[in-house]
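The values are calculated or read from the model by the stated rules, or taken from the named source; none is laboratory data. In this text the structure is predicted, and so the values were computed from the model without any measurement. With ideal geometry, Cβ positions are generated from the backbone for all residues, glycine too; neighbour counts draw on all protein chains shown.
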Amino acid sequence: MRPIFDPFVLPFVISMTFVLLYCIIGMIRIIFQLPKEDRRKFLRSLIYPKSALKNFRDLVNDCLFHTKIWKRKPLLGYMHMSIALGWFMIIIVGHFESITFSPLRGLEVPFMQKMMSNLYLPIFFRYFAIEELSLKAQIFSFLMDFFLLMIISGIFIAVVKKKKPKKVGMKRVTKFGIKEDMVRLSLWTIFPLRFLAESSIANIAGGSFLTKYLGFELVFGGNYNETLSMVFWWLYSIDLAIFMTLLPFSRYMHIPAEALLILLRNAGLKTTEPRKGYAVAEIYSCPSCGLCIDVCPMSEVKDNYKNTAVYFIRNIRKGKRRRDVKNMTEKCLMCGKCIEVCPLGIESLNIKIAQRKKTYYKIKSDFSYLERLQDYKTTRPQDDLSAHSQKTLYFAGCMSHLTPKITRSMTKIFKLANENFEFLDADGSICCGRPMMLTGKINEAKALIAKNTELIKKSGAKKLVLSCPICYKVFKEEYQLDGIEILHHTQYINELIENDKLNIDRSDKRYAYHDPCELGRAFGIYDEPRNVIDNIGLLTQGKSDRDMSACCGGSIGSLTMSMEERDEITKNTIKDLTLNQPDEIVTACPLCLKTFARLSPIEVKDIAEIVVEGLEG
Amino acid sequence: MDNVDLKLFNKIEALNPDINTCMACGLCTATCTAGNFTDMSFRKIILMLQRGKDKEAIELVKKCMMCGKCMMICSRGINTRNILLSITRIYNEEQNI
């Protein structure tokens, strides 16, 4: 007869109760911090079958299988899946096993002990069990051993990753303090200790290929020693207790927090406050994996890797060093690569914008002068305004006026394609509002947006072509231009080519294409510009294309970055782009164009320019 | 010049040392988006602040749209946007009017 209780389970039971309470209270706090509207949205999303199904799918994919990491780095994907899925399955299968073969069967036990046994029995089941030879029991112990082996193989990769990050495809990893090291060590030792504890008693409790044959026969030489066995069970329980107690204060908090974040995200919520509600869920979900360090353009300058998303989030979480947080917020280029690569999809840029909103500016903007602006083309007689419905409107944006090559090329393309077009801001435009939004001055940006909306609506056109991805982003997201189709000129030119409206001579010139952040990562416009270039010449591959394309360095997202630091980023990006010896660099953003042109050894052109060259050649 | 109180300007200077490399070439003024519609001129703002004409400078600062073209074009690589933001943070509208 085995006992049904032993004091060694107490450290685990106490720490587990603590963690469960901590997580539940934390979750309730986050939900209460959400704005009322968001909270309602969230609760509703939990009930609707469609969103509930999506929640379930995402929880399984992201929390257990870690499909996002698999896609980028298969070895790291396996590491996470083996530990997460393995652990989860051990808990689930362990529960079924302990219910089926409970040592409490047929016994009269007090209610409290029954409750407590629900916590510890599945975890320490082998200690309280007697080997059963039925097929069902054998299948259970095989499954338990299988998942235990899976976890141990994952931990093996984790140890390799810690010692030699390059072996798993990481250049730089996050640096940690002693506390994090301790938690990690406790996590790593949980399962080897479980293996030893279960093996040491396998002659009584039974087991499968791992614990019984490998563990008991080989490691313990087939001898059962009660004292030694007790030592391992105690160590296993204490180790679990250390991990569970420290979990809420370590990066492993991402394990419970991620589940909540997925639910909140699927409800369509966004960060509005830098330290409340959704942002808190994001901050606690950061596992400090450091995948964002290698991709961040700022890491090019040696000491600037300390400003990357993972350190930013860690600083917020620590709740100290507000100055550091503010400086990091203002330095970020807002290119969005960290979000693209983040396995949890933490949108740190939204936290940064929310943080920037908090800055107090004593002097308020005054755009009253815009009221006097009646029409962009003040020189043009206002007679044909009503006949514009079939016209295509071209809005170059303020940035494109710095690069007249683009506006001239676009005008030519419109003419050659026989398009009935109107160049709305030929005499200069007001800013689209995106740069203002990036500084966190949302209300000021809204004033600019309102004025532009008014002027564009006045023209009555149904199609709007933009030349600047910065404009494109804010036009798509903030402008309410009902019924007007908004296109970036890469999309527009691609349409013209597909409809055979442009006859381009293909040359054998080699082009490298640079994806502007606000066009590629923000809207996934990767194929249109590539189609266009395919029709003009040869497209060469850069070191990192598409969603991993690097920032040009000129981004207006950063407020404080100095020109020297920007130049380092620009040089590096040019190096990446010219990897396969292109003749020219092609981009689709006036800001990128201007930034590259200063430092590039080869010519930099806008996509519209090379189209015009192809037309003339 | 001696009577000018440069306390606030010195604060800007401490945050943005590059402000002193300005040679008043006027590229920023030529490209300014707001300058297309008003008398906004970043070069003028710096000169005014250095000479203690805070009130006039602030009137210009208010018109900025933050587009960042002046920063792209600046021949001295001055981070004009951040200087402008620093001014709106440090100078106080009420106090000078």
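Exactly one residue among A:Ala84, A:Ala129, A:Ala137 is in contact with a helix residue (DSSP H, G or I) (Cβ under 7 Å, 6 or more places away or on another chain), farther than 27 Å from A:Val159 by Cβ and in the same structural domain as A:Asp239 (by TED's automatic domain parsing), and that residue is A:Ala129. Kindly provide the set of residues from the stretch A:119-134 that are at pLDDT below 85 and assigned to a helix (DSSP H, G or I), ordered by number. Matches in the stretch A:119-134: none.
Counting the residues of the stretch A:29-83 that are assigned to a helix (DSSP H, G or I) and either within 17 Å of the chain's Cα centre (by Cα) or of a type in the set (A, V, I, L, M, F, W, C) (or both) gives 31.
Here is the figure for the stretch B:9-55: residues that are touching a residue at least 60 places away in the same chain (Cβ under 8 Å) and either outside any helix (DSSP H, G or I) or within 11 Å of another protein chain (Cβ to nearest Cβ) (or both) total 3. Looking at A:Leu235, is it of a type outside the set (Ser, Thr, Tyr), part of a helix (DSSP H, G or I), surrounded by fewer than 23 Cβ atoms within 10 Å (Cβ to Cβ) and without any contact (Cβ under 8 Å) to a residue 24 or more places away in the chain? No, not satisfied. Would you say A:Lys337 is loosely packed, with under 15 Cβ neighbours inside 10 Å and not assigned by TED's automatic domain parsing to the domain that holds A:Ile69? No; evaluated as a whole, the condition is false for this residue. Here the stretch A:533-572 is the region considered, the condition is being among the acidic types (Asp, Glu) and either within 20 Å of A:Pro435 (Cα to Cα) or within 14 Å of another protein chain (Cβ to nearest Cβ) (or both), and the residue that is surrounded by the fewest Cβ atoms within 10 Å (Cβ to Cβ) is A:Glu564.
The residues of the stretch B:60-77 that are within 8 Å of another protein chain (Cβ to nearest Cβ) and either within 21 Å of A:Tyr361 (Cα to Cα) or touching a strand residue (DSSP E or B) at 6+ places or on another chain (Cβ under 6 Å) (or both), listed by number, are B:Val61, B:Lys62, B:Lys63, B:Cys64, B:Met65, B:Met66, B:Cys67, B:Gly68, B:Met71.
The single residue among A:Met150, A:Met115, A:Met144 that is assigned to a helix (DSSP H, G or I) and loosely packed, with under 13 Cβ neighbours inside 10 Å turns out to be A:Met115. The number of residues in the stretch A:454-473 being more than 12 Å from every other protein chain (Cβ to nearest Cβ) and under 26 Å from B:Leu85 (Cα atoms) comes to 3. Of the residues making up the stretch A:403-433, those that are at pLDDT 90 or above and either over 30 Å from A:Ile497 (Cα atoms) or part of a loop (DSSP other than H, G, I, E, B) (or both) are A:Thr403, A:Cys431, A:Cys432, A:Gly433.
Matching residues to (1) under 26 Å from the mean Cα position of the chain (by Cα); (2) in the same structural domain as A:Tyr305 (by TED's automatic domain parsing); (3) farther than 23 Å from A:Cys398 by Cα; (4) assigned to a helix (DSSP H, G or I):
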{"site": "A:Cys552", "(1), (2), (3), (4)": "yes, no, no, no"}
{"site": "A:Gly557", "(1), (2), (3), (4)": "yes, no, no, no"}
{"site": "A:Glu564", "(1), (2), (3), (4)": "no, no, yes, yes"}
{"site": "A:Asp576", "(1), (2), (3), (4)": "yes, no, yes, yes"}
{"site": "A:Leu579", "(1), (2), (3), (4)": "no, no, yes, yes"}
{"site": "A:Ala597", "(1), (2), (3), (4)": "no, no, no, yes"}
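Looking at A:Val604, A:Val611, A:Val586, just one residue is without any contact (Cβ under 8 Å) to a residue 40 or more places away in the chain and either within 14 Å of another protein chain (Cβ to nearest Cβ) or of a type in the set (A, V, I, L, M, F, W, C) (or both), and that residue is A:Val604.
Please work out if A:Ile610 is assigned to a loop (DSSP other than H, G, I, E, B), farther than 30 Å from B:Ile78 by Cβ and among the β-branched types (Val, Ile, Thr). Taking the combined requirement at face value, the residue does not satisfy it.
Does the stretch A:198-206 include one or more residues that are modelled with pLDDT under 95, assigned to a helix (DSSP H, G or I), buried (at least 21 other Cβ atoms within 10 Å of the Cβ) and among the charged types (D, E, K, R)? Yes, some residue in the stretch A:198-206 is modelled with pLDDT under 95, assigned to a helix (DSSP H, G or I), buried (at least 21 other Cβ atoms within 10 Å of the Cβ) and among the charged types (D, E, K, R). The lone criterion from (1) without any contact (Cβ under 8 Å) to a residue 60 or more places away in the chain; (2) among the hydrophobic types (A, V, I, L, M, F, W, C); (3) under 18 Å from B:Cys32 (Cβ atoms) left unmet by A:Cys468 is number (1).
Quick one: in the stretch B:9-59, which of the residues that are buried (at least 19 other Cβ atoms within 10 Å of the Cβ) and in contact with a His (Cβ under 9 Å, 6 or more places away or on another chain) is farthest from A:Leu448 (Cα to Cα)? So the residue we want is B:Thr31. Considering A:Ala588, A:Ala597, the condition of being buried (at least 22 other Cβ atoms within 10 Å of the Cβ) and of a type in the set (Gly, Ala, Ser) is satisfied by A:Ala588 alone. Would you say A:Ile353 is more than 29 Å from A:Gly169 (Cα to Cα), surrounded by 17 or more Cβ atoms within 10 Å (Cβ to Cβ) and touching a helix residue (DSSP H, G or I) at 6+ places or on another chain (Cβ under 9 Å)? It is true that A:Ile353 is more than 29 Å from A:Gly169 (Cα to Cα), surrounded by 17 or more Cβ atoms within 10 Å (Cβ to Cβ) and touching a helix residue (DSSP H, G or I) at 6+ places or on another chain (Cβ under 9 Å).
This table checks each residue for (1) modelled with pLDDT of 90 or more; (2) of a type in the set (Gly, Ala, Ser).
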position: A:Thr211; (1), (2): no, no
position: A:Asn223; (1), (2): no, no
position: A:Phe243; (1), (2): yes, no
position: A:Ala257; (1), (2): yes, yes
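For every residue, the table says whether it meets (1) in contact with a Gly (Cβ under 9 Å, 6 or more places away or on another chain); (2) among the charged types (D, E, K, R); (3) under 24 Å from A:Asp62 (Cβ atoms).
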residue: A:Leu263; (1), (2), (3): no, no, yes
residue: A:Thr271; (1), (2), (3): yes, no, yes
residue: A:Tyr284; (1), (2), (3): yes, no, yes
residue: A:Cys289; (1), (2), (3): no, no, yes
residue: A:Ile293; (1), (2), (3): no, no, yes
residue: A:Pro297; (1), (2), (3): yes, no, no
residue: A:Asn307; (1), (2), (3): no, no, no
residue: A:Lys326; (1), (2), (3): no, yes, no
residue: A:Cys342; (1), (2), (3): no, no, yes
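Residues that are among the small types (Gly, Ala, Ser), at least 1 per element: which helices (runs of 4 or more DSSP H) completely within the stretch A:274-355 meet that? Fully inside the stretch A:274-355 and qualifying: A:278-285, A:309-318. Restricted to the stretch A:356-366, and to residues there that are free of Cβ contacts under 8 Å to residues at least 40 places away in the same chain and either in contact with a helix residue (DSSP H, G or I) (Cβ under 7 Å, 6 or more places away or on another chain) or part of a helix (DSSP H, G or I) (or both), the residue that is surrounded by the fewest Cβ atoms within 10 Å (Cβ to Cβ) is A:Lys362. A single member of A:Lys270, A:Lys326, A:Lys276, A:Lys306 is of a type in the set (D, E, K, R), surrounded by fewer than 19 Cβ atoms within 10 Å (Cβ to Cβ) and more than 20 Å from the chain's Cα centre (by Cα), and it is A:Lys326. The set of residues in the stretch A:12-30 being of a type in the set (Gly, Ala, Ser) and either assigned by TED's automatic domain parsing to the domain that holds A:Ala241 or within 28 Å of A:Lys276 (Cβ to Cβ) (or both) consists of A:Gly26 alone.
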